[in-house]
Amino acid sequence: MWTRPRDPAVSPLLGPTSLRRLGGVEDLARELVRSLDPRRAARATLLDRSPPDIVGGNRARLAEGDQMMHLRDLWRRPFTEPRLAERVTRMGAEAEQVSGYDAGDYQRVALTCVPKGLPARDLDTGQRELLRALLAAYLGRVPDGLSPQADYEDDATLDAVHLAWAGPTAPGQPHYYRLQGPRLLIEYDNTQRQANHAHSVWRDPAADFGYDALEAHLTAHHR
C-alpha cells in the first residue's frame, strides 16, 4: 500500500497562493470527470454524495464486496479506554451522518473485482491523455519496478482502467474517486473537516505492500 494522508489539504502561504500537496491528483481527476458528456458522466458517477473515507481502509488484503470501514475499526484492536472508544465511535458516526449514506449507498461504492465506473476505452483522445497524466502522478512517484505496469502508454492496458467518482465536481466540495484495473486500485478522497482532509492510496491488490507474511505463514503451516 502506498498512502498519503494530508491534513489540512489546503494550507495558507504568504501571499495570494496556498499549499495543496495533493492538489495535482485532485485537479486532474476533477478536470477529467467534468470533461465527460452527461451520458458518460452518469456511468462514471457512483453517487452524488461522497463516502466519509476511502473504501479500502487499512485492510491488509482486499476482497470482493469490501465496504468502507467504520472509524473505530481502523485500529488493530478495540480501544479499552471507555472515553476514547466513545469519542472515536462518535466521530465515525458523525462523519457517516454528514455523508447521508445508508446501507444501500455503502454497497454501491463497495469494492468489487470487476471495476465499477467508466472504462478508459470509452474516453476520447484528450480524456485518455488526462487519465494517463493522472495515473502518472501516482505511479511516477515510486521507484522503478514497483508499479504493476511500467506505464499506461499501451492503449490496451489503459483501456482496462475504470474511473469512478462520488460527490459533487465543484472545487471545495467533498468528493471521492477511484481508478481500478488489473493489479491497480487507486482511491482518493477529500471529505473530512469540511473537505480539507485528503487521503490518497495506491494499491496492487494481487501483491499488496500490506501483504501479511506472518499470517500467510500461520495459515500454511500452523492450522
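What follows is calculated from the coordinates using simple rules that are stated; it is not laboratory data. This structure is a prediction, so every number in the text was calculated from the model and none was measured. Cβ sites come from the backbone with ideal geometry, for glycine too, and all protein chains shown count toward neighbours.
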Apply the Karplus parameterisation 6.51 cos²θ - 1.76 cosθ + 1.60, with θ equal to phi minus 60°, to every residue of the stretch 100-108 and state each ³J(HN,Hα) to the nearest whole Hz, in sequence, with x for glycine and proline. x, 6, 10, 4, x, 5, 4, 5, 5
Going by how many other Cβ atoms sit within 10 Å of their own, how do 55, 88, 161 line up, fewest first? 88, 55, 161
Normalised by the residues of the stretch 16-99, what does the relative contact order come to in percent, with Cα pairs under 8 Å and at least six apart? 23 percent
Going by amide H atoms built from the backbone, whose H comes under 5 Å of the H on residue 181, apart from near neighbours? 162
For the stretch 173-181, in order, what is each residue's ³J(HN,Hα) by Karplus, 6.51 cos²θ - 1.76 cosθ + 1.60 with θ = phi - 60°, in whole Hz (x at glycine and Pro)? 9, x, 8, 8, 9, 9, 10, 9, x
Run through the stretch 36-101 and list the trypsin sites (Lys or Arg not before Pro) located in a DSSP loop whose Cβ has at most 10 other Cβ atoms within 10 Å. 76
Residue by residue, what Karplus-based ³J(HN,Hα) values in Hz, rounded to whole numbers, does the stretch 64-76 have, using 6.51, -1.76 and 1.60 with θ = phi - 60° and x for Gly and Pro? 4, x, 4, 10, 4, 7, 5, 3, 5, 8, 6, 8, 4
DSSP-assigned coil residues among chymotrypsin sites (Phe, Trp or Tyr not before Pro) in the stretch 30-139, each with at most 14 further Cβ atoms within 10 Å: 75, 79
